[in-house]
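Notes follow the structure.
The values are calculated or read from the model by the stated rules, or taken from the named source; none is laboratory data. Quick caveat: nothing in here was measured; it's all calculated off a predicted structure. For neighbour counting, all protein chains shown are included, and Cβ atoms are generated from backbone atoms with ideal geometry for every residue, glycine included.
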Amino acid sequence: MTILSILKTNFSAIAAILAVMAAVALLETAVPLHARGRWHRTHVGPNLALTFITFATNFVLNGGLVVLLAWLAELRFGLLRLLPLHPLAAGALAVVALDFSYYVAHVAMHKVPAFWRVHRVHHSDPVVDVTTTIRQHPLEGVIRYAFLTAFASALGVGLGAFAIYRVWSAVNGLLEHANIRVPRRLDFALSLVTTWPNLHKIHHSRDVRETDSNYGNIFSWFDRMFGTYTPSWRGATVVCGLDGFDDPSVQTTSGLLAMPFQSPQRLHVISTLPER
C-alpha cells in the first residue's frame, strides 16, 4: 500500500463522515429527542473545532496503523493468521475483536485518572447531539489508537476488516450521539445488538452510576457480558454533562483543550451500578 493510496483513503473517509454527520443533523431537526436550547446553539462551534482537530490527529495515527498492518500482513504475523478460518470468518472475528478493544479502552479512560482527565472533555458537553461525537481532546486519539494498535497487531487484523470496522464505528458513533427520538420498541430491539440511539445517552448522564455503564461502541454485547449494561429506555430522560464544567469559559475551544491540564473540578467516583 502506497502513501498516496493511504492519503486518498483517509480523505475519502473524512468526507464520508462529514456527509453522514450532515445527514444525521437534518434527521435531528425532523425528529428531535429534546428541543434545541441555548447549549445546542453555543456548543456547535467548539465541538466542530475539536472535530477537525481530531480529524487531523487521527489522520496521522490511522495512516501509521494502516502501514503497520500492511507490514504485518506481509510477514503473516498475528493470531488470526494462525487459525484455520475462512477469510469471511476471520474478518468478522476481527471486527468484533476491534470493537472489544474500544470497550477496553473506553473503560480505561474512566477508571485511570490521567485518562479520565482527557476523556472528560467529551463528557463535559451539557447536551448531546451529533456534534458531540468527535468532540475529543487530541490526546484521546492517542489513547484510543494505542489500544487499537495493540489489539490489531496481536491479532493480525487484515486491512479490509480494519477499514470496515473504522467506517462502521464512525457511522455508529454519529448515530448513537444523535439527538433523535426513536420509538421505544425499536430502541429496545436495537439495544439487543448495538449501542444506539438511547443506550449511549445513558453513558453521558451526570449521575456517575449511569456514566459508568454502556461503554460499548458498535455492539452492546460487552456491556452485557461484563455487567456494565443499563437498559436503553433510561436514555430518553437523562441529564447530560459534568457537574462543575458548565461555565461558559470552560465550554470554549481553548477551555476544552486546556481541561486535561487543569485541576479536577469533579471527583469521578468509581461505583457499582445497582440492579435495575
Notebook entry, point to check: Of the residues Asp125, Asp99, which is acidic (Asp, Glu), crowded, with 17+ Cβ neighbours inside 10 Å, in contact with a helix residue (DSSP H, G or I) (Cβ under 8 Å, 6 or more places away or on another chain) and assigned to a helix (DSSP H, G or I)?
Noted result: Asp99
Note to self: All but one of (1) at pLDDT 95 or above; (2) charged (D, E, K, R); (3) in contact with a Ser or Thr (Cβ under 7 Å, 6 or more places away or on another chain) hold for Asp187; state the number of the condition that does not hold.
What the structure shows: (1)
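Let's see how each residue does on (1) in contact (Cβ under 8 Å) with a residue 40 or more places away in the chain; (2) crowded, with 21+ Cβ neighbours inside 10 Å; (3) touching a strand residue (DSSP E or B) at 6+ places or on another chain (Cβ under 8 Å); (4) of a type in the set (Lys, Arg):
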site: Ile180; (1), (2), (3), (4): yes, no, yes, no
site: Ser191; (1), (2), (3), (4): yes, yes, no, no
site: Gly227; (1), (2), (3), (4): yes, no, no, no
site: Thr252; (1), (2), (3), (4): yes, no, no, no
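Table: residues versus (1) among the hydroxyl-bearing types (Ser, Thr, Tyr); (2) within 19 Å of Ser169 (Cβ to Cβ).
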residue: Val67; (1), (2): no, no
residue: Arg81; (1), (2): no, no
residue: Leu85; (1), (2): no, no
residue: Leu88; (1), (2): no, no
residue: Tyr102; (1), (2): yes, yes
residue: His106; (1), (2): no, yes
residue: Pro113; (1), (2): no, no
Notebook entry, point to check: Can you find a residue in segment 197-212 that is without any contact (Cβ under 8 Å) to a residue 40 or more places away in the chain, surrounded by fewer than 21 Cβ atoms within 10 Å (Cβ to Cβ) and farther than 24 Å from Ala108 by Cα?
Noted result: no
Check: If you take the residues in segment 233-248 that are outside any loop (DSSP other than H, G, I, E, B) and over 17 Å from the mean Cα position of the chain (by Cα), which one is surrounded by the most Cβ atoms within 10 Å (Cβ to Cβ)?
Finding: Arg234
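Considering only residues that are among the aliphatic types (A, V, I, L, M) and surrounded by 15 or more Cβ atoms within 10 Å (Cβ to Cβ), look in segment 1-17 and name the one that is nearest to Arg181 (Cα to Cα). If you could, list the steps in order and put the result at the bottom.
Of all residues in segment 1-17, those among the aliphatic types (A, V, I, L, M) come to 1, 3-4, 6-7, 13-17.
Among the residues that remain, those that are also surrounded by 15 or more Cβ atoms within 10 Å (Cβ to Cβ) are: 6, 13-14, 17.
Numbers: Ile6: 37, Ala13: 27, Ile14: 26, Ile17: 22 Å.
My answer is Ile17.
State which residue is nearest to the chain's Cα centre (by Cα) when the search covers only segment 1-34 and only residues that are of a type in the set (S, T, N, Q) and modelled with pLDDT under 90.
Within segment 1-34, the subset of a type in the set (S, T, N, Q) is 2, 5, 9-10, 12, 29.
After this cut, where a residue has to be modelled with pLDDT under 90 as well, the list is 2, 5, 9-10, 12.
Details: Thr2: 28, Ser5: 26, Thr9: 20, Asn10: 18, Ser12: 20 Å.
Only one residue fits best here, namely Asn10.
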Note to self: Just to check your reading of the model, which residue among Asn47, Asn58 is at pLDDT below 95, buried (at least 19 other Cβ atoms within 10 Å of the Cβ), out of contact with any Asp or Glu (no Cβ under 6 Å at 6 or more places or on another chain) and more than 23 Å from Asp223 (Cα to Cα)?
What the structure shows: Asn58
Check: Does segment 48-64 contain any residue that is in contact with a helix residue (DSSP H, G or I) (Cβ under 7 Å, 6 or more places away or on another chain) and either farther than 19 Å from Tyr145 by Cα or in a loop (DSSP other than H, G, I, E, B) (or both)?
Finding: yes
